[in-house]
Structures are given as structure tokens and as C-alpha cells.
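Since the structure comes first, as C-alpha cells, the remarks are kept for the end.
The values are calculated or read from the model by the stated rules, or taken from the named source; none is laboratory data. Everything numeric in this text was worked out from a predicted model, so none of it was measured. Reconstructed Cβ throughout: ideal geometry from the backbone, glycine too, with neighbour counts over all protein chains shown. Surface areas here come from the heavy atoms of the whole protein model, side chains and all, with no ligands, DNA or RNA. Shrake-Rupley method; radii C 1.70, N 1.55, O 1.52, S 1.80 Å.
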Amino acid sequence: MHHRSTWKNRWTFMLATAGSAIGLGNIWKLPYMIGVNGGSAFVLVFIACIFLVGIPLMMTEILLGRRAQKNPYDGMLKLAQEAQVSHYWKYLGGMGMLTGLLILGFYSVIGGWVLSYIIEAAKNSFSNITAAQSSANFDGLLASPVKLLFWHTVFMCMTMGVVARGVNSGLEKANNILIPALFAILLVLLGYSMSVGDMQTAYQFMFKLDFSKITPVAVLSALGHAFFSLSLGMGAVMVYGSYLQRHVSIARTTIYIALADTALGLLVGLAIYALVFANHLAPNAGPGLIFQTLPIAFGHMPWGSFTGTLFFMLVAFAAWTSAISLVEPAIAWITENTLIKRRTAAWAIGVVVWLLGVAVVLSFNEWKDIKIIFGLNIFETLDKLTSTILLPLGGLLMAVFAGYYMKRDHVQDELDLKATAFKLWRIANNIIAPIAIAAVFLYLFGVIK
Ligand code: TRP
């Protein structure tokens with residue numbers, strides 16, 4: 001039999017899963033999505049999605065993984081056999097593995113931006129920078145395929161280097177220190193933003209309840225981002241769940257991770273928007289938002305070069321641990337099904353994803369005007385396709401499988417919840433989540449307007 005490693009204890013699993021969840025989604029994507037989608041309206045829906053859909057489905061995904069003890073493809077096959085239903089469920093696992101690679105295609109490029117900002121911060125390039133200079137710097141980076149390509153390549157090598165070495169040796173160690181460190185440095189940043197930024201406007205912008213501003217597009221993006229932020233819907237959490245020991249509570253672990261993940265994203269948002277408003281920048285700047293805003297803070301605060309370097313290093317680390325979880329399902333599938341060595345598999349997949357990233361790089365400059373669907377360029381297409389379609393679809397199918405196809409005692413066995421809690425999970429998993437996701441899809445396809 002294939003030997004599978006297990007996590008040393010609950011903390012290691014939790015930190016690794018938190019490492020997967022916490023990444024560019026929190027630090028880069030959530031802040032700009034808030035701005036693009038009208039501020040508090042988006043935040044409110046996002047939080048609702050985390051609690052009503054994200055947390056229950058994270059439990060679902062972990063339970064599927066722990067029961068299956070395999071990569072998503074073979075895992076779904078095994079669970080389908082156990083439940084005596086169609087073997088086609090395995091394609092759900094297959095779809096997830098592909099989705100992960102599609103995400104990594106652009107994730108790695110953005111990870112590259114972060115790497116380049118480490119160097120800029122360390123060179124003290126942000127010193128006394130103005131808002132206009134900072135935006136110009138960022139535009140300069142985007143306009144240079146060579147720079148983008150270089151950093152994308154470095155990021156891919158970092159990711160595949162760890163994946164090639166395997167789960168235990170690669171992942172467990174650093175998380176323990178670096179995730180708490182990321183939180184700590186964020187508090188420093190928040191403190192600085194509070195003292196010089198316009199925290200009050202930022203707070204109003206993010207949290208002032210105004211239901212009238214909620215638009216269907218905001219709901220769609222918020223739901224998609226709940227999946228993205230918690231790493232749900234493609235089997236990443238499932239694979240980590242398969243390494244989780246039997247006696248550990250899935251529910252409690254999930255709640256800690258989801259809370260940490262959400263809190264972190266919202267804190268970054270506050271820190272950034274306080275600076276955005278104080279500097280009269282546009283909140284809806286899009287994907288460049290943090291790269292245009294944060295240098296202003298680091299350029300003016302005492303110890304700014306040092307703090308900025310550390311900050312971007314920690315963000316890069318967070319992105320790195322997330323990127324690893326995007327490929328791990330595919331690698332697990334290859335190594336568990338073929339004689340191909342983990343190392344070979346990692347580098348082969350790495351090359352394919354790297355090529356996808358090259359297209360993404362060009363979509364920021366040379367190929368900017370090449371539209372794929374609905375007027376979206378390559379980067380935007382990959383982003384929207386994965387976040388708003390593939391991840392929610394994966395989540396929907398997992399929920400349906402666990403809720404309607406698996407034997408109830410098997411589910412209860414894994415979740416090991418008290419009667420009331422189990423009932424709550426079932427309501428969320430069997431009813432709320434599927435209806436919410438299906439409603440969003442119907443809207444997307446123009447069935448309900
Ligand atoms: N959650 C990560 C982030 O917020 C990205 C990520 C890692 C992810 N693994 C995933 C997203 C699996 C969806 C599915 O940056």
C-alpha cells in the first residue's frame with residue numbers, strides 16, 4: 001500500500017490549511033474587490049457568504065478528504081463506490097485539480113509582483129514617494145514583460161521546489177512562525193494607517209450598512225471570493241483533510257481558520273482604505289490597489305524600508321504556501337497513480353502552469369487588448385472563470401455529494417458533532433449553500449434577472 005504521511009498534530013494541519021487559505025486572496029484581492037464592488041455592500045455579503053456557505057462547505061471538504069484518504073480524483077471515486085453511486089463523481093475531483101492549475105497560472109504572476117516589491121522596499125525606493133509616483137512605478141512594472149516574466153519564473157520555481165520535496169518536509173515547519181508574524185506586522189501597518197490615514201472614512205466605506213447598494217454583481221463576486229479566500233471548491237482543502245488525523249474536530253478547526261482568514265483580509269482592507277482616502281486615491285483602482293497604496297505608507301513611516309521589506313516578504317510567504325496547495329492535488333494524483341516520481345511530476349506540471357503564466361504576463365501589456373470572453377482579457381478570464389464559476393460549482397457538487405449521496409452515518413462519523421450542530425451543518429450544506437450557489441449561477445446565465 002501507498003504510505004501516506006499524516007500531520008504531526010492538529011496545529012500543523014491547521015497552520016497548513018490556514019497557510020493555504022491566507023494568501024493573495026486576503027491581501028491583494030479582497031481589498032481591491034471591496035473597492036470595485038462598492039465597499040460595505042460587498043463586505044456585508046462577503047461575510048454572510050463566509051458564514052453561511054464557506055464554513056459549512058469547508059467542513060464538507062475536509063470530511064470528504066479525511067474519509068477518502070486520497071487525492072481528489074481517486075478520493076471521489078472511492079467515496080462514490082462506498083456510497084454505491086455513479087463513478088462519474090471522480091470527475092469532480094479531476095475538475096478541481098485543473099481549476100487549481102488555472103488559478104496558479106495567474107496567482108504566480110501576482111506572487112511575482114510581490115517578490116519584486118520586496119526588492120523595491122529593500123532598496124528604499126519608496127522613500128517619500130508621492131501617490132502619483134507610486135502609481136507610475138506600478139504601471140512601469142506592468143508595462144515590462146521582462147520583469148514580470150522574471151518574477152513569475154522565480155515564484156514558480158519557489159512553489160515547485162517545495163512541492164517537489166513533498167508534504168511534510170516542505171510545508172510544516174515555516175508556517176508556525178510566519179503566519180503569526182504576518183498578523184503582527186499587519187497590526188503595525190494598521191497602527192500606522194490609523195495614525196496618519198483617514199480611518200473613519202475607511203471604516204464607513206467598509207462597514208456602513210446600506211442594503212440598497214447591494215447589486216447582483218457584488219453578490220456574485222462576494223460568493224466567488226468566499227471560495228477563493230478559503231481555498232474551497234477544488235480539492236486543496238480535501239487533500240489537506242486527507243492528511244488530518246482521525247481524532248481531531250473538523251468543525252472547530254474550520255471555524256478558527258475561517259475566522260483568522262476573514263479577519264486578516266478585513267484588517268488589510270482597513271489599513272489600505274485609510275491610506276486611500278487620506279491620499280485621495282481611487283478606491284476602485286482594481287488589481288494594482290495595494291501595490292499603489294502601500295508604498296506610500298512605507299515611504300513615509302519611520303523604519304519604512306525595513307517594515308516594507310518584511311511586509312512584502314511575509315505576503316510572499318503567504319502566497320507561496322497558498323500556491324503550493326493549488327498544485328498539491330494534481331501532484332498527489334500523479335504520484336498515487338503512476339510511477340512518476342514526485343519530483344518529476346512537480347517540474348512537469350510546473351512548466352505547463354508557467355506557460356499559462358506567460359500568457360497572463362502578456363495580458364498586462366502586449367496582449368492587453370486580446371479579449372477572450374465577455375470583453376475580458378486573459379488574466380481577467382482566468383480569474384473570473386475560476387472564482388465565479390469553477391470553484392462555486394465544485395463546492396456545490398461537493399455539498400450535494402456529502403449531503404445527498406453519502407451515507408449519513410459516514411458523514412456523522414467524520415464530523416463527530418452533537419445533534420444540534422450536525423443539524424445546523426446539514427441545513428447549511430444541504431439547503432442554504434446549494435440554493436445560494438445555484439441562484440448565483442442562474443443569475444449568471446441570465447435566467448433570473
Ligand atoms: N486561498 C488562497 C488565497 O486566498 C488562494 C488559494 C489557495 C486557493 N488554494 C486555493 C483558492 C484553492 C481556491 C482554491 O490567496
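Some notes on this structure:
- Estimated inter-spin distance, Lys208 and Trp347, nm [label 7 Å along Cα→Cβ]: 5.7 nm
- Each helix, a run of at least 4 DSSP H residues, gives -39500 (n - 2.57); summed and divided by the residues of the chain, these come to -23500 deg cm²/dmol at 222 nm.
- Cut-off 14 Å between beta-carbons: net charge of the residues surrounding Phe227, Lys and Arg +1, Asp and Glu -1: -1
- Largest to smallest accessible area among Trp151, Trp354 [probe 1.4 Å]: Trp354, Trp151
- Here the chain has 67 percent of its accessible surface on carbon and sulfur atoms, given a 1.4 Å probe and all protein chains in place.
- Accessible area per residue was computed with a 1.4 Å probe on protein heavy atoms; Thr381 scores about 20 Å².
- Take Lys70: with every protein chain present and a 1.4 Å probe, its accessible area is about 80 Å².
- Distance distribution P(r), the range 186-284, all Cα-Cα pairs, bin width 10 angstrom from 0: 13, 33, 31, 18, 6, 0 percent.
- Farthest towards the positive end of the charge dipole of the range 10-444, among the residues Met160, Phe306, Met406, is the Cα of Met406, using unit charges on the Cβ of Lys, Arg, Asp and Glu.
- Sites matching trypsin sites (Lys or Arg not before Pro) across the range 335-409 that sit in DSSP coil, with at most 14 neighbouring C-beta atoms within 10 Å: Lys341, Lys368, Lys371, Lys407
- Area of His87 that stays accessible when all protein chains are in place (1.4 Å probe, Å², to 10): 90 Å²
- In the structure shown, the pairs Lys78/Lys418; Lys29/Lys208; Lys384/Lys423 are assessed against 24 Å; a Cα-Cα span above that value is assigned to Lys78/Lys418; Lys384/Lys423.
- Axis angle, to the nearest 10 degrees, between helix 72-82 and the longest C-alpha principal axis of the chain: 30 degrees.
- Largest accessible area first, the listed residues Leu270, Leu44, Leu52 line up as Leu52, Leu44, Leu270 when surface is computed with a 1.4 Å probe on the assembled protein chains.
- Helix 216-229 axis, angle to the chain major axis (alpha carbon atoms, nearest 10°): 70 degrees
- Crossing angle, helix 250-278 versus the chain [Cα axis fit, 0-90 degrees, rounded to tens]: 20 degrees
- GNM on the chain, alpha-carbon springs under 10 angstrom: the most fluctuating residue among Leu101, Leu355, Leu77 is Leu355.
- Given charges at beta-carbon only (K, R positive; D, E negative), |dipole| of the range 405-449 in Debye: 240 debye
- On a per residue basis, the chain carries 40 Å² of accessible surface, using protein heavy atoms and a 1.4 Å probe.
- Sorted largest first, extent of the range 10-444 alpha carbons per principal axis (Å): 64, 50, 43
- Ordering Cys157, Cys49 by accessible surface, largest first, gives Cys157, Cys49; the 1.4 Å probe counts only protein heavy atoms, with every chain in place.
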